[in-house]
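Novice: Here's a structure for you.
The values are calculated or read from the model by the stated rules, or taken from the named source; none is laboratory data. The structure presented is a predicted model; accordingly, all values stated were derived computationally and were not measured. Positions of Cβ are backbone-derived with ideal geometry, glycine not excepted, and every protein chain shown enters the neighbour counts. Areas reflect the complete protein model, heavy atoms only, side chains present, ligands, DNA and RNA absent. Shrake-Rupley method; radii C 1.70, N 1.55, O 1.52, S 1.80 Å.
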Amino acid sequence: MTNFQKIEQKWQKKWEDSEIFKVKEDSKKKKYYVLEMFPYPSASGLHMGHALNYTIGDIFARFKRMQNYNVLYPMGYDAFGLPAENAAIKAKQHPKVYTEASMKNFEKQQKSLGLSYDWSRIVKTCESEYYKWNQYFFLKFFENGLVYRKKSPVNWCPKCDTVLANEQVHNGRCWRHEDTEVEIKHLEQWFIKTTKYSEELLKDIEKLEWPERIKLMQQNWIGKSYGTEINFEINGENWPIFTTRVDTIFSVTFMVVSAQHPKLNSLITEKQKKEVNNFLKKIKSVSEKELEALEKEGVFTGSYAINPFTGEKVPVWIGNFVLADYGSGMVMADGHDVRDVEFAKKYNIPLKTVIKPIERKTNPNEVFTEKGILYNSGEFSGLSSDEAIIKMQNWLENRKLGKKTLQYKFKDWLVSRQRYWGTPIPIIYCNKCGLVPEKNLPVLLPEKVEFGKGNPLATNKNFVNVKCPKCNSDAKRETDTMDTFFDSSWYYLRYCDNKNLKEAFEKKKADYWLPVDQYIGGAEHACMHLIYARFFVKALRDLGLLKIDEPFTRLFNQGMLHGADGNKMSKSLGNVIVPEEVSKVYGIDTARLFLVSVASPDKDIEWSENGIQGMFRFTNRLVDYFENVKISKAKNEKLESASNKAIKEITEDIESFKYNIATIKLRQLFEKISKEEVNKETLENFLKLLSPFAPHLAEELWEKIGNKGFISVSEWPKYDSKKIKIEFEYEDEFMENIKSDINTVIKLVGKQPKIIKMFVSESWKYEVYRKLAKLESRNIKEVIEKIMVKGYEKEIPKIAQSFIKNPNAFMKIVLDQKTEMKILEENKKELESMFNSKIEIIKAESSKEVKAKQAVPGKVAILIE
RNA sequence: GCGGACGUGCCGGAGUGGUCAAACGGAAUGGGUUUAGGCCCCAUUGGCUUAGUGCCUGCGCAGGUUCGAACCCUGUCGUCCGCACCA
């Protein structure tokens, strides 16, 4: 049996020794940048799911490389991060030791997958050569007002012991801990002004060739809405509020302010103080989760707001359902919002309505929330909602009482973390000078710290206590580190110039390689990494460091690999598949082929032992075939047609990530090749088509048929459309039908045939179709007349009818008698050995003759003796 | 609640207006080869039909558009995903 592992090791070594995957800038060649999201190296190593991800990218990179692109295909490790820190604490091991061991293990495993990375460009985010530039960018942002420090309500995960960005809170819980609710703390933290680019981030989404789903998720995340800002006067002060439905303003009967509003105290009157405090205590005592299910509750503040349109005084309430950080933390409440109505009914606040539907009547209990026609709205009565909104905005702007505005859900990025294993924030706190940027980068992450006593960096006095770079007085360092999403926001830039000690990357090199042409990764990063990275590129562009607007032109989301039981792969379920184990039995090429053949690579798939065995049969057959192949010099038009067609289609399939379809076509082509006389060119082309999927095997067989050099860097085959002849396919189809008919007849007769007689008659359908091809008439009578064949008076009108309905559908090729005879003669031997009997092919001169043999003309009649 | 995706044979899955759906793989059954087989080869796997590139049914369910729909539209049921008191 073939030793696939030996073959794989042989070629992996050769690839490495000859450095064929190493690339550098080459202005003469077109570049192509293929990238998979770099992994977080965990101690458990990689499983088959990782292998699937990398295989998808590797196939694409190999494909583009053979198409003569200068392909940048690098790998690196997202090495900083909490899991390493936590695991290290648990194992009583320094995070650095843990991470380095994990990376080493990852690299070794990845290398055994036969991935065509340029390993010389490896990037590890935990090395100071890398994170120095994190600090550099941080300070650049700081200088340019893109980084600021602010006290605000922030999300805190008690399990991670750190604050989290908005993007890292899912359903009120920590993204790493599905069971842990995030607490809101009021802390001073570092933010990056991502919102400066809200509009551009939103607008540029349409430029991206990304899955629609991801684009939509980003759109919703940024969450732009148009509306109106209105100043309500409360206690002589202006309180701007945001609404999308200013047209409902004449029905405002109360206001609701968020319980977390920073200026809440100024609204509470002496008389209401007690009641309000009780209420606030009550909401604080319930957890975030319970709050979700909670009814709307509130309490009157004692203050009144003046509606600028009506001059009416309406009460201001505190409500648990108003968000503090969206809009202005206060809303106007009216009879056209379900939540407001619910709230008002509970507390017996009066309600008004001012909008009615255009074409129907509302029923008494209905809360009409759609747009309609205004009434009871002063000068605006009778207008439609849309008209009224514009007029009201003008009305407000003329009186300086408000304006048309935009709102985004998107917020600034909270980047500081109170944890150790990350990039130190290069800022010094000086009592005299305030926030002072560190001049000497990198600020190294000290190795000696104590864990479990708050912020680990604060435990290293040598690190914390410094002299102020400006005034040289005693100062202290920032002890927070950066969110690791900062690292992953620009790693793809570093690949362009990973050894540069003077700059993060040389602009010229970045200009050559960027943007990433094809990015590959999971959908879980839609609203995290993929937004941060887009922000980063735009920010660096505006700092003059880049000339691109977007980092990733095309994005592909691969599906997830589940265990054989249909569940997510996990240790606790014991369904984890490890590439090494699979390689030992089947070889990694077989695994690669199997993984991409199950389904379209963007769909979730399940591991299947039976499935990979099926692919194993194929790879073994391949080897067997090539070991015994006799290369012919003869021309074989039929095979050439099939080969050219396969080249055309497989090229298109790979381009559009239909790897599953491509592998099927490879198998089909192989079936044809193995049955025919084949020349060297066809064999070579087949191996080339195979090589992105099964690179080791392709190299081995390439060598076996007498080639030198690597197939991996050979040229992708080109097809000649003139050589693709559709007739051959019909021939095959015809033979399939003949075989199927013979089988049916044998079954019916119930005996092994000694002689099979085949009467080939002139096909009446052939005649009909031939006549139809010449016809242009749309007159049914005329058509029937012209295509009529005697003996088929019943069928002809039906054909004529459908022809008139759609002449284009008549593209079908029907073989004529002569061709049928020829094909049968050619395949006679094959049929004889297949059915173990003699074959006689008889040309039937007339329909009558065939009928006399108990068969019907129009098809090959089969008789068994 | 809002937004999105999907629903095809025993199973995984192709096909997203036109050469009369099920490619390809898996599985099962029958046969061949074999000392034996878990290898390999062949056949069968919706119904009808005393073979005829045939007929009927059929792509969750019900309607509609079209000469023609698995594919487009509407409704409905089911599964999954994202966001979620966003004013």
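Novice: Among (1) more than 16 Å from RNA strand B (Cβ to nearest atom); (2) outside any strand (DSSP E or B), where does A:Glu178 come up short?
Specialist: Every listed condition holds for A:Glu178 apart from (1).
Novice: Something else: Given the conditions (1) closer than 23 Å to A:Lys630 by Cα; (2) part of a helix (DSSP H, G or I); (3) at pLDDT 95 or above, and given that A:Leu669 satisfies all but one, which numbered condition is not satisfied?
Specialist: Result: A:Leu669 passes all but (3).
Novice: Answer yes or no as to whether A:Leu202 is within 38 Å of the chain's Cα centre (by Cα), within 9 Å of RNA strand B (Cβ to nearest atom), of a type in the set (A, V, I, L, M, F, W, C) and surrounded by fewer than 18 Cβ atoms within 10 Å (Cβ to Cβ).
Specialist: no
Novice: Let me ask something else about it. Only one of (1) at pLDDT 95 or above; (2) in contact with a His (Cβ under 9 Å, 6 or more places away or on another chain) is not met by A:Glu178, so which one is it?
Specialist: (1)
Novice: Looking at A:Ser777, A:Ser763, A:Ser802, which is the one that is at negative phi, touching an Asp or Glu at 6+ places or on another chain (Cβ under 8 Å) and either at pLDDT below 70 or within 13 Å of RNA strand B (Cβ to nearest atom) (or both)?
Specialist: A:Ser763
Novice: Can you list the strands (runs of 3 or more DSSP E) found entirely within the stretch A:429-520 that contain at least 1 residues being polar (S, T, N, Q)?
Specialist: A:465-467
Novice: Those residues that are in contact with a Pro (Cβ under 9 Å, 6 or more places away or on another chain), closer than 28 Å to A:Gly172 by Cβ, among the small types (Gly, Ala, Ser) and open to solvent by less than 10 Å² (accessible area, probe 1.4 Å), I need them from the stretch A:296-329; list them, please.
Specialist: Hit for the stretch A:296-329 is A:Gly329, nothing else.
Novice: Given (1) within 10 Å of RNA strand B (Cβ to nearest atom); (2) open to solvent by 60 Å² or more (accessible area, probe 1.4 Å); (3) not acidic (Asp, Glu), where does A:Lys648 come up short, assuming only one miss?
Specialist: In the conditions (1) within 10 Å of RNA strand B (Cβ to nearest atom); (2) open to solvent by 60 Å² or more (accessible area, probe 1.4 Å); (3) not acidic (Asp, Glu), A:Lys648 misses (1) alone.
Novice: Has the stretch A:252-272 got at least one residue that is over 22 Å from A:Met330 (Cβ atoms) and surrounded by 18 or more Cβ atoms within 10 Å (Cβ to Cβ)?
Specialist: Applying the first criterion (over 22 Å from A:Met330 (Cβ atoms)) to the stretch A:252-272 yields none.
No, every residue in the stretch A:252-272 fails to be over 22 Å from A:Met330 (Cβ atoms) and surrounded by 18 or more Cβ atoms within 10 Å (Cβ to Cβ).
Conditions tested, residue by residue: (1) within 22 Å of A:Phe693 (Cα to Cα); (2) over 20 Å from the mean Cα position of the chain (by Cα); (3) part of a helix (DSSP H, G or I).
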| residue | (1), (2), (3) |
| --- | --- |
| A:Asp17 | yes, yes, yes |
| A:Phe21 | yes, yes, no |
| A:Glu25 | no, yes, no |
| A:Lys28 | no, yes, no |
| A:Tyr32 | yes, no, no |
| A:Leu35 | yes, no, no |
| A:Ser44 | no, yes, no |
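Novice: Please work out if A:Gly372 is at pLDDT below 95, of a type outside the set (D, E, K, R), over 37 Å from the mean Cα position of the chain (by Cα) and closer than 30 Å to A:Thr459 by Cα.
Specialist: Taking the combined requirement at face value, the residue does not satisfy it.
Novice: Suppose the filter is touching a Leu at 6+ places or on another chain (Cβ under 8 Å) and either assigned to a helix (DSSP H, G or I) or open to solvent by 60 Å² or more (accessible area, probe 1.4 Å) (or both); does A:Val623 pass it?
Specialist: yes
Novice: Here is a further query. Just one of (1) open to solvent by 70 Å² or more (accessible area, probe 1.4 Å); (2) away from RNA strand B (no atom under 13 Å from the Cβ); (3) among the hydrophobic types (A, V, I, L, M, F, W, C) trips up A:Val585, so point out which.
Specialist: (2)
Novice: Output the number of the condition that A:Lys409 fails; it satisfies all remaining conditions of (1) among the charged types (D, E, K, R); (2) open to solvent by less than 60 Å² (accessible area, probe 1.4 Å); (3) within 30 Å of A:Ala533 (Cα to Cα).
Specialist: Status for A:Lys409: all satisfied but (2).
Novice: Let me ask another. Can you pull out every residue in the stretch A:699-716 that is without any contact (Cβ under 8 Å) to a residue 24 or more places away in the chain and hydrophobic (A, V, I, L, M, F, W, C)?
Specialist: Of everything in the stretch A:699-716, just one residue is without any contact (Cβ under 8 Å) to a residue 24 or more places away in the chain and hydrophobic (A, V, I, L, M, F, W, C), namely A:Trp702.
Novice: Hey, can you tell me all the residues within the stretch A:626-645 that are in a helix (DSSP H, G or I) and either open to solvent by less than 50 Å² (accessible area, probe 1.4 Å) or touching a Phe, Trp or Tyr at 6+ places or on another chain (Cβ under 8 Å) (or both)?
Specialist: Scanning the stretch A:626-645 gives A:Phe626, A:Glu637, A:Lys638, A:Leu639, A:Glu640, A:Ser641, A:Ala642, A:Ser643, A:Asn644, A:Lys645.
Novice: Now a separate question. Give the residues of the stretch A:101-145 that are touching a Phe, Trp or Tyr at 6+ places or on another chain (Cβ under 7 Å), part of a helix (DSSP H, G or I) and acidic (Asp, Glu), sorted by residue number.
Specialist: If the condition is that a residue be touching a Phe, Trp or Tyr at 6+ places or on another chain (Cβ under 7 Å), part of a helix (DSSP H, G or I) and acidic (Asp, Glu), then no residue fits.
Novice: Give just the number: which of (1) within 12 Å of RNA strand B (Cβ to nearest atom); (2) open to solvent by 30 Å² or more (accessible area, probe 1.4 Å); (3) modelled with pLDDT of 90 or more; (4) assigned to a helix (DSSP H, G or I) does A:Pro240 not satisfy?
Specialist: Just one mismatch for A:Pro240, condition (4).
Novice: So, one more: Conditions: (1) at pLDDT 90 or above; (2) more than 13 Å from RNA strand B (Cβ to nearest atom). A:Leu622 meets all but one. Number of the miss?
Specialist: Of everything listed in (1) at pLDDT 90 or above; (2) more than 13 Å from RNA strand B (Cβ to nearest atom), A:Leu622 misses just condition (2).
Novice: Restricting the search to the stretch A:543-567, which residues are surrounded by fewer than 14 Cβ atoms within 10 Å (Cβ to Cβ) and of a type in the set (D, E, K, R)?
Specialist: A:Lys547, A:Asp549, A:Asp565
Novice: Follow-up question, since we're still on this one. State whether one or more residues within the stretch A:600-616 are within 22 Å of A:Phe60 (Cα to Cα), in a helix (DSSP H, G or I) and either open to solvent by 70 Å² or more (accessible area, probe 1.4 Å) or within 8 Å of RNA strand B (Cβ to nearest atom) (or both).
Specialist: yes
Novice: In the stretch A:651-665, which residues are closer than 14 Å to A:Trp716 by Cβ and either buried (at least 17 other Cβ atoms within 10 Å of the Cβ) or within 13 Å of RNA strand B (Cβ to nearest atom) (or both)?
Specialist: Across the stretch A:651-665, the qualifying residues are A:Thr651, A:Glu652, A:Asp653, A:Ile654, A:Ala662.
Novice: If a residue must be open to solvent by 10 Å² or more (accessible area, probe 1.4 Å) and closer than 16 Å to A:Ser198 by Cβ, how many such residues does the stretch A:224-237 contain?
Specialist: Residues meeting the conditions: 3.
Novice: Looking at the stretch A:343-355, which of the residues that are surrounded by fewer than 20 Cβ atoms within 10 Å (Cβ to Cβ) and either aliphatic (A, V, I, L, M) or near RNA strand B (Cβ under 8 Å from one of its atoms) (or both) is farthest from A:Phe279 (Cα to Cα)? Explain how you work it out, then say what you get.
Specialist: Step one: list which residues in the stretch A:343-355 are surrounded by fewer than 20 Cβ atoms within 10 Å (Cβ to Cβ), which gives A:345-353.
Still in the list and also either aliphatic (A, V, I, L, M) or near RNA strand B (Cβ under 8 Å from one of its atoms) (or both): A:349, A:351.
Details: A:Ile349: 18, A:Leu351: 24 Å.
It comes out as A:Leu351.
Novice: So, A:Thr481, is that one over 40 Å from the mean Cα position of the chain (by Cα) and within 22 Å of A:Phe80 (Cα to Cα) or not? Walk me through it before giving the result.
Specialist: On the way: over 40 Å from the mean Cα position of the chain (by Cα): no; within 22 Å of A:Phe80 (Cα to Cα): yes.
Considered against the rule, which asks whether it is over 40 Å from the mean Cα position of the chain (by Cα) and within 22 Å of A:Phe80 (Cα to Cα), A:Thr481 comes out as no.
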